[in-house]
Every structure is written in structure tokens, then in C-alpha cells.
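Worksheet: the structure to be examined is printed underneath.
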Amino acid sequence: MQVRRCAVVFVEPRERLDFDLGRLVEGGTGVESVREWIALTAHLDEEQVLDADEVHALGQLSPDAWIDWGELNSRQPGASLESLLAKGILISDAAEHADMRDQDDNVRASHWKGISAVAQRHTRWRAIDTLEAERRFGRETDRPFLERLGTPEAPVRERVPSEQRIGLAKPSDTELEALIRQRVTCRNWDTSKPMSAEDFASIMFRTFGARAVSDEPGITVMKRAVPSAGGLHPTEAYLLVQNVEGVKSGLYHYHPIDHALEPLGDVPENESAELALRIVAGQRHFMKAHVLIVLASRFRRTFWKYRNHAKAYRAVILDAGHLSQTLYLAAAERGLAAFITAAVNERDIEEIFGLDPMLEGVLAVSGFGWRGDLVDEVEFDPLGSVWPRAADTRA
Ligand SMILES: Cc1cc2nc3c(=O)[nH]c(=O)nc-3n(C[C@H](O)[C@H](O)[C@H](O)COP(=O)(O)O)c2cc1C
């Protein structure tokens with residue numbers, strides 16, 4: 001058997017507080033601070049606790065050169081190599097370790113910058129219910145929001161006294177200005193009114209569709225509504241369609257060149273809301289949107305050019321932001337409304353759509369639909385652009 005260490009691993013010295021009833025009975029607080037080494041890899045979801053011998057052994061291993069297991073053990077005797085292998089930090093070419101090796105190969109094949117890969121892997125959620133967590137936190141602390149957090153930073157950083165500021169002319173009202181004013185994150189949906197197939201197709205095309213395809217030798221690139229690092233457009237749109245005329249409720253992938261849906265599985269209407277809730281981490285105010293869109297970055301597409309690049313991960317995240325804003329405006333243009341959230345259960349979404357987190361990672365979830373007539377959930381519309389009676393308030 002040959003081995004090498006995984007492609008990316010960062011070791012963090014971490015402190016945590018441990019509670020022990022025995023210590024409390026003995027007269028102390030019962031709380032003890034524990035310091036330990038935590039290994040964060042790019043190919044494993046779980047963090048691994050290491051002891052000092054394992055940390056030392058890890059420092060001796062190459063991420064690239066394979067070495068014979070017997071030879072390595074004669075050079076570095078001890079139990080650490082066995083435990084690193086069992087934890088999946090040491091990768092082997094043996095058939096029984098093929099799963100681990102495949103996951104590590106996915107990281108290698110994508111040209112990730114190590115620190116970005118670890119951030120992507122270890123910021124994903126599974127089965128989180130954010131509203132429930134917020135309620136619990138509120139109950140536990142039992143103090144008003146401002147008291148808990150203190151006041152936020154001022155909305156503007158002022159660098160010079162006001163008399164030194166050079167005032168700029170306000171633009172005249174144009175169609176674009178009117179459209180921008182209509183852009184209010186929607187949390188109240190009208191489920192009684194299906195979205196027309198025409199609205200759906202229009203908004204999808206305006207946001208995600210390819211206007212043109214250019215073929216340089218060996219490199220096909222799309223022209224889209226939004227800019228994209230290197231013109232590579234790594235962001236894929238995966239859809240949960242819930243309420244669109246002529247489109248069966250279910251999972252789809254959008255094909256931006258053909259401007260077409262690729263069906264990935266039906267979802268019975270009575271199961272759709274629950275699935276949506278799982279996707280948006282328990283945020284009930286987004287669950288009923290007519291269409292939910294998972295923005296998933298096909299990292300290899302951008303990292304092909306920006307290999308092991310310090311800025312590449314930031315660039316693909318920015319890509320999702322551009323698409324989201326375009327979606328908001330495309331929906332507003334047709335009298336519909338949109339949302340975006342980063343509080344999503346990435347690991348559940350990967351399962352639902354069959355995505356590998358290091359090859360096609362979930363960055364955010366957007367959605368759009370008809371806004372309802374009643375404000376059950378807070379929307380930020382101080383201009384009264386969509387809720388006339390709510391002008392000058394937050395809801
Ligand atoms: C990256 C990002 C993440 C967001 N996440 C959430 C979220 O988890 N839940 C939510 O209700 N709104 C979320 N929003 C929407 C913001 O709350 C909203 O933009 C803000 O309150 C201002 O309102 P407006 O968009 O109507 O101007 C998010 C917005 C952005 C850009």
C-alpha cells in the first residue's frame with residue numbers, strides 16, 4: 001500500500017469549555033477549558049481532533065509524493081500513522097480507502113486555493129432551522145436585541161466634515177430608477193396565484209440565459225446579463241418549481257444556452273413546501289415562493305483559469321451576487337418579487353440535487369413569485385414602493 005497526506009489540511013489550536021458535574025460537586029465551577037488541535041481538511045465534512053504526535057507526524061508527510069506504507073512506518077514508528085489513516089487525513093491507494101481517495105481527488109482536480117477550500121467545506125449546514133435557533137437564543141438570553149448586541153456601526157463612514165463634501169446632482173426619474181425602487185426583498189407570497197409560464201421563462205432568461213455563445217478554439221464562453229471573472233460564468237441554477245403554470249412541481253436544472261429546463265425529479269405538491277423549508281434552513285417566509293433557485297458554483301470552470309488563486313473563490317461568490325440582483329430586477333419588471341438568502345442548508349441541498357461540495361458548491365438560494373396582499377412578515381420598504389400603507393416604517 002502507498003500513502004500520501006490529503007491535498008489540503010489546516011490545523012487550528014482551539015480552546016473549548018468543558019462541563020464536568022464531578023468538578024462541580026468538588027466545589028469548583030464545573031467548567032474547564034480544554035485546548036486541542038483541530039484538523040480542517042478540504043475533503044472531509046467532519047473536523048478531526050489530533051494529538052500532538054499526530055500533528056508532528058502530519059508535518060512530515062508529503063501531499064504529493066506517494067510513499068510505501070511499510071517504509072513510512074519504519075521511518076516514523078508509532079500509532080500516529082495508523083490513526084491519521086483511520087481519520088482519512090492520510091490517503092492510501094488501497095481499494096478499501098477508495099471513497100476517501102475520490103473525495104481528495106475532487107479537491108485536487110478543482111485547483112482550489114487551500115484556505116478557500118477549507119472555508120467552502122466547513123461553512124456548510126445540514127438540517128439547521130434558523131428561525132427556531134433564533135427563537136431559542138432570544139428565550140435563553142431574554143434581553144432585547146440592542147441590549148444583547150450593542151449598537152451597530154454607523155451606516156456611513158464619514159471621512160471629512162460635512163462642509164467639505166462635494167454634493168452631486170440626483171439623477172432624474174427614469175425607467176431604471178422606477179425598477180430599482182420596486183426591488184424589495186419579498187417575504188410574503190400569494191400562493192393562490194400561479195406564475196405564468198411566460199413570466200417564468202422571461203425572468204429565467206433575463207437573469208441566467210446566454211445572449212450569445214462564442215467559440216474560441218477549445219474554449220466556449222457565454223455572454224450573459226451579468227459580468228463574470230474571466231467570462232467563465234461558473235454559477236449553475238438548480239430549481240425547485242412549486243407554482244408555475246405548465247411546469248410540473250419538481251426539481252430542475254436550467255440550461256442557459258438552450259434556455260431550457262432539465263428535469264431532475266418530480267416533487268409531489270404536498271411535499272414541496274417541506275423540501276423548500278429544508279433548503280432555506282427553516283425560513284418559513286421563503287418557503288412559499290413560486291420558484292426557488294439554488295445558486296451553485298461549478299468551481300472548476302473558473303479555477304481552470306485562476307488555479308490555486310487567492311482571489312478565485314471571492315470571484316465566484318461575487319458572480320452569485322450579480323445574478324441575484326439581476327433576478328430581483330427581472331422579477332420587478334414583470335410585477336413579481338424576489339429574495340436571496342445565504343442562510344441555507346448546503347449539505348441537504350447537495351443531497352437533493354446530487355452535488356459534490358468541492359466541484360459544484362452551493363453559495364446561496366434565491367427565488368421569485370407573486371407578492372401577497374398582506375404583510376405577515378417584515379419587508380424593508382421605507383419608500384412605500386410595494387406596501388403603500390407601510391411607508392416610512394420597516395413593515
Ligand atoms: C447575501 C445576502 C443574504 C441574505 N440572507 C437573508 C436571510 O437569510 N434571510 C432573510 O430574510 N433575508 C436575507 N437577505 C435579504 C436582506 O435581509 C435584505 O436585502 C435587507 O433586509 C434589505 O432589504 P431589501 O432587500 O428589501 O432592500 C439577504 C440578502 C443578501 C444580499
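The values are calculated or read from the model by the stated rules, or taken from the named source; none is laboratory data. The model shown is predicted, which means the values in this text are computed figures rather than measured ones. Counting neighbours? That spans all protein chains shown, and the Cβs are built from the backbone with ideal geometry, glycine included.
Restricted to the range 244-293, and to residues that are among the small types (G, A, S) and either under 19 Å from E377 (Cβ atoms) or in a helix (DSSP H, G or I) (or both), which residue is farthest from the ligand (Cβ to nearest atom)?
First, pick out the residues of the range 244-293 that are among the small types (G, A, S): 246, 249-250, 260, 265, 272-273, 276, 281-282, 289.
Imposing the further condition that a residue be either under 19 Å from E377 (Cβ atoms) or in a helix (DSSP H, G or I) (or both) reduces the set to 272-273, 276, 281-282, 289.
On the way: S272: 20, A273: 17, A276: 14, A281: 8, G282: 10, A289: 12 Å.
The residue in question is S272.
Taking the range 174-207, which residues are in a loop (DSSP other than H, G, I, E, B) and among the basic types (K, R)?
Initially, the range 174-207 is screened for residues in a loop (DSSP other than H, G, I, E, B), giving 174, 182-188, 190-194, 196.
Result: R183, R187, K193.
Here is a yes/no grid of residues against (1) of a type in the set (V, I, T); (2) more than 16 Å from the ligand (Cβ to nearest atom); (3) surrounded by 23 or more Cβ atoms within 10 Å (Cβ to Cβ); (4) outside the structural domain of H233 (by TED's automatic domain parsing):
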{"site": "S297", "(1), (2), (3), (4)": "no, no, yes, no"}
{"site": "R301", "(1), (2), (3), (4)": "no, yes, no, no"}
{"site": "R307", "(1), (2), (3), (4)": "no, yes, no, no"}
{"site": "I317", "(1), (2), (3), (4)": "yes, no, no, no"}
{"site": "Q325", "(1), (2), (3), (4)": "no, no, no, no"}
{"site": "A338", "(1), (2), (3), (4)": "no, no, yes, no"}
{"site": "E351", "(1), (2), (3), (4)": "no, yes, no, no"}
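Please verify whether the range 146-165 includes one or more residues that are in contact with a helix residue (DSSP H, G or I) (Cβ under 6 Å, 6 or more places away or on another chain) and either part of a loop (DSSP other than H, G, I, E, B) or of a type in the set (V, I, T) (or both).
First pass over the range 146-165, keeping only residues in contact with a helix residue (DSSP H, G or I) (Cβ under 6 Å, 6 or more places away or on another chain): 148.
From what's left, either part of a loop (DSSP other than H, G, I, E, B) or of a type in the set (V, I, T) (or both): none.
Looking through the range 146-165, none of the residues is in contact with a helix residue (DSSP H, G or I) (Cβ under 6 Å, 6 or more places away or on another chain) and either part of a loop (DSSP other than H, G, I, E, B) or of a type in the set (V, I, T) (or both).
Scan the range 106-121 and give yes if some residue there is in a helix (DSSP H, G or I) and farther than 25 Å from V316 by Cβ, otherwise no.
So in the range 106-121, the residues in a helix (DSSP H, G or I) come out as 106-109, 114-121.
Subset that is farther than 25 Å from V316 by Cβ: none.
Looking for residues that are in a helix (DSSP H, G or I) and farther than 25 Å from V316 by Cβ, one finds none in the range 106-121, hence no.
Taking I128, is it aliphatic (A, V, I, L, M), outside any loop (DSSP other than H, G, I, E, B) and in contact (Cβ under 8 Å) with a residue 24 or more places away in the chain?
Answer is no for this residue.
Output the residues belonging to the range 351-376 that are within 15 Å of L292 (Cβ to Cβ) and assigned to a helix (DSSP H, G or I).
The answer is I352, F353.
Rundown of residues vs (1) in contact with a strand residue (DSSP E or B) (Cβ under 6 Å, 6 or more places away or on another chain); (2) outside the structural domain of G88 (by TED's automatic domain parsing); (3) not in a helix (DSSP H, G or I), yes/no style:
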site	(1), (2), (3)
G22	no, no, no
T29	no, no, yes
E32	yes, no, yes
R35	yes, no, yes
V49	yes, no, yes
D53	no, no, no
H56	no, no, no
P63	yes, no, yes
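Checking F137 against (1) part of a helix (DSSP H, G or I); (2) of a type outside the set (A, V, I, L, M); (3) in contact with a Pro (Cβ under 8 Å, 6 or more places away or on another chain), which single condition isn't satisfied?
Of the numbered conditions (1) part of a helix (DSSP H, G or I); (2) of a type outside the set (A, V, I, L, M); (3) in contact with a Pro (Cβ under 8 Å, 6 or more places away or on another chain), the odd one out for F137 is (3).
Checking C186 against (1) farther than 20 Å from V291 by Cα; (2) touching a residue at least 60 places away in the same chain (Cβ under 8 Å), only one condition comes out false. Which one?
The number of the failed condition is (1).
Determine which member of the set A310, A331, A338, A395 is part of a loop (DSSP other than H, G, I, E, B), modelled with pLDDT of 95 or more and of a type in the set (G, A, S).
A310
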